[in-house]
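Peer 1: First, the structure itself, so that you have it in front of you.
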Amino acid sequence: MFWLSWGFNVSEISKHVPIMVNEILTFLNVGPGKNFLDLSLGGGGHTEAILTKTSPDGLVIACDRDSSALKRSKVKLSEYNDRIRYVKNNFKDVDRVIHQHKDITLNGAMFDAGLSTDQLNDKQRGFSFLQESQLDMRMDESSGLTAKEVLQQLSEKEIADLIYVYGEERNSRKIARAITDAKRKNELQTTSDFVRIIESASKRTGRLHPATKTFQALRIVVNNELEELRLGLLSLVSLLPAGARIAVITFHSLEDRIVKNEFKNASRLKRVSVLTKKPVTPSRDEIKNNPRSRSAKLRAVEVLEKING
Ligand SMILES: C[S@@+](CC[C@H](N)C(=O)[O-])C[C@H]1O[C@@H](n2cnc3c(N)ncnc32)[C@H](O)[C@@H]1O
């Protein structure tokens, strides 16, 4: 195994391919000397593109709740270190980040929601139904309950509801019953156990793996993903200065609905002007080269002057 000089394992270099990079640069109106907030640093792809375009002196405040993402990006983006400020942060606490860095006038902010390829591929994290691992699924490994602990705490009905609401899974009741039986027999420990349990209750129809929606639902709950996104957007819309842009990439309809509604509400209040009447989606070429991009949707707004100062 090849090691970089500072002892970083090469296999830990990001494999994440950033999505709709040119669209993000355009909607954020990125240019020399401007400053941006990247709330979902991940593998650092969007941040790197922004830093390239904001040369020579534009800054990026780069945030993620996942310490591994911050660590990996610090290595990848070391040549830009004097223009990046790294912050471990959850979307919902973006107000604190803006406050702590108020010496920087921000020209825009972005969220690229969901999981990175690095998280999905990490055998320790439990995000993938294709890898044997503990049932964890926390983006921030230092806080909150693991997926297994969440399932241990919930009743059969609560599990069914979460799978139905956050996974939009029609077999939610059958799956919840199978999970509850397995819990009783102490047979729910790993991702492979979880997949087996789901498969026993729900057969494959079409191309989607039967575990896809249930994994998504549990991940959303473990990481409080929808509420974090909503609160983050609310803060940004009220805290960014006039003229700043906000761009958000989401990967499923539940997230996109939140972004659409929050932008619509802010627009009604004359706080933002919506730049994307319909969500922007990746080009055919991008989807061909990076199939993971196929469900991505981008929405963007520009912040307007506050009416009452
Ligand atoms: C799709 S990846 C971002 C990829 C990145 N734009 C790039 O170009 O490499 C999403 C990242 O956002 C982080 N994330 C997701 N939800 C978050 C939240 N509520 N608060 C903070 N970070 C979050 C994840 O940990 C993950 O690293």
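Values quoted throughout were computed directly from the atomic coordinates according to the rules given, and no laboratory measurement underlies them. This is a predicted model, so every value here is computed, not measured. FYI the Cβ positions are ideal-geometry reconstructions off the backbone, even for glycines, and counts take in every protein chain you see.
Peer 1: Can you list the lysines whose alpha carbon sits under 19 Å from that of Lys288, skipping same-chain ones fewer than 8 residues off?
Peer 2: Here the lysines satisfying the reach criterion relative to Lys288 are Lys15, Lys297.
Peer 1: Further question on the same structure: Quick one: check the C-alpha center-to-center distance for the range 104-174 versus the range 280-298, whole angstrom.
Peer 2: For the range 104-174 versus the range 280-298, the Cα centre distance is 22 Å.
Peer 1: GluC sites (Glu not before Pro) within the range 208-309: which are DSSP loop residues with at most 13 other Cβ atoms inside 10 Å?
Peer 2: Counting only loop positions with at most 13 other Cβ atoms within 10 Å, the GluC sites (Glu not before Pro) in the range 208-309 are Glu305.
Peer 1: Within the range 141-222, count lysine pairs with alpha carbon atoms under 20 angstrom apart where the residues are 8 or more positions apart or belong to different chains.
Peer 2: Summing the qualifying lysine pairs gives 15.
Peer 1: Can you list the residues, at least 5 places off or on another chain, whose amide H is less than 5 Å from the amide H of Tyr86, using H built in the peptide plane?
Peer 2: Amide H to amide H, under 5 Å and 5 or more residues apart or across chains, Tyr86 pairs with Ala62.
Peer 1: Might you report the magnitude of the Cβ-based charge dipole of the chain about its Cα centre, with Lys and Arg at +1 and Asp and Glu at -1, to the nearest 20 debye?
Peer 2: That gives the chain a dipole magnitude of about 920 debye.
Peer 1: Tell me which residues come under 5 Å, amide H to amide H, from Glu141 once H is placed; ignore anything under 5 positions away on its chain.
Peer 2: Ser67
Peer 1: Moving to a separate point now. Output the relative contact order of the chain, whole-number percent, from Cα pairs under 8 angstrom with separation of 6+ residues.
Peer 2: 17
Peer 1: Please enumerate, by chain and number, the aspartates and glutamates with C-alpha under 20 Å from the C-alpha of Lys260, excluding those fewer than 8 residues away in the same chain.
Peer 2: Glu23, Asp38, Asp112, Glu168, Glu225, Glu227, Glu228, Glu302
Peer 1: Separate question: If you fit an axis through the alpha-carbon atoms of helix 253-268 and take the longest principal axis of the Cα set of the chain, what angle between them do you get, 0 to 90°, nearest 10?
Peer 2: For helix 253-268, the angle is close to 40 degrees.
Peer 1: Looking at the chain, send over the antiparallel percent of its DSSP beta bridges, to the nearest 5.
Peer 2: Here the share of antiparallel DSSP bridges comes out near 45 percent.
Peer 1: When the Karplus curve 6.51 cos²θ - 1.76 cosθ + 1.60 is applied with θ = phi - 60°, which whole-Hz ³J(HN,Hα) does each residue of the range 93-107 get, with x for Gly and Pro?
Peer 2: Running phi through 6.51 cos²θ - 1.76 cosθ + 1.60 with θ = phi - 60° gives 9, 4, 4, 5, 5, 4, 5, 5, 10, 6, 6, 9, 8, 7, 9 Hz.
Peer 1: Which ³J(HN,Hα) values in Hz, rounded to whole numbers, follow from the phi angles of the range 212-223 under the Karplus curve 6.51 cos²θ - 1.76 cosθ + 1.60, where θ = phi - 60° and Gly and Pro get x?
Peer 2: Per residue, the Karplus-derived 3J(HN,Hα) values read 3, 6, 5, 4, 4, 4, 5, 4, 4, 6, 4, 9 Hz.
Peer 1: Let me ask something else about it. Tell me which residues come under 5 Å, amide H to amide H, from Leu37 once H is placed; ignore anything under 5 positions away on its chain.
Peer 2: Here the answer is Ile61, Gly108, Ala109, Met110, since their amide H atoms fall under 5 Å of that of Leu37.
Peer 1: Quick check for me: using +1 on Lys/Arg Cβ and -1 on Asp/Glu Cβ, what's the dipole size of the range 1-130 about its Cα centre, in debye to the nearest 20?
Peer 2: The dipole of the range 1-130 has a size of about 220 debye.
Peer 1: For the chain, take the longest principal axis of its alpha carbons; what is the angle in degrees between that and the long axis of helix 172-184, to the nearest 10 within 0 to 90?
Peer 2: Rounded to the nearest ten degrees, it is 70.
Peer 1: Taking the range 141-222, how much of its Cα-Cα pair set, in percent, is spaced more than 16 angstrom apart?
Peer 2: Here the tail beyond 16 Å accounts for 45 percent of pairs.
Peer 1: With a cut-off of at most 10 other beta carbons within 10 Å, and DSSP calling the residue loop, which trypsin sites (Lys or Arg not before Pro) in the range 128-228 qualify? Please list them.
Peer 2: Loop-located and lightly packed - Lys185, Lys203, Arg207.
Peer 1: Within the range 31-118, which trypsin sites (Lys or Arg not before Pro) sit in a loop by DSSP and count at most 13 neighbouring Cβ atoms inside 10 Å?
Peer 2: Lys102
Peer 1: Convert 37 °C to kelvin, take the viscosity as 0.692 mPa s, use the Kirkwood radius over C-alpha pairs of the chain as Rh, and evaluate the Stokes-Einstein diffusion coefficient in µm²/s, rounded to a whole number.
Peer 2: Working: Rh = 20.4 Å.
Stokes-Einstein gives a translational diffusion coefficient of 161 µm²/s.
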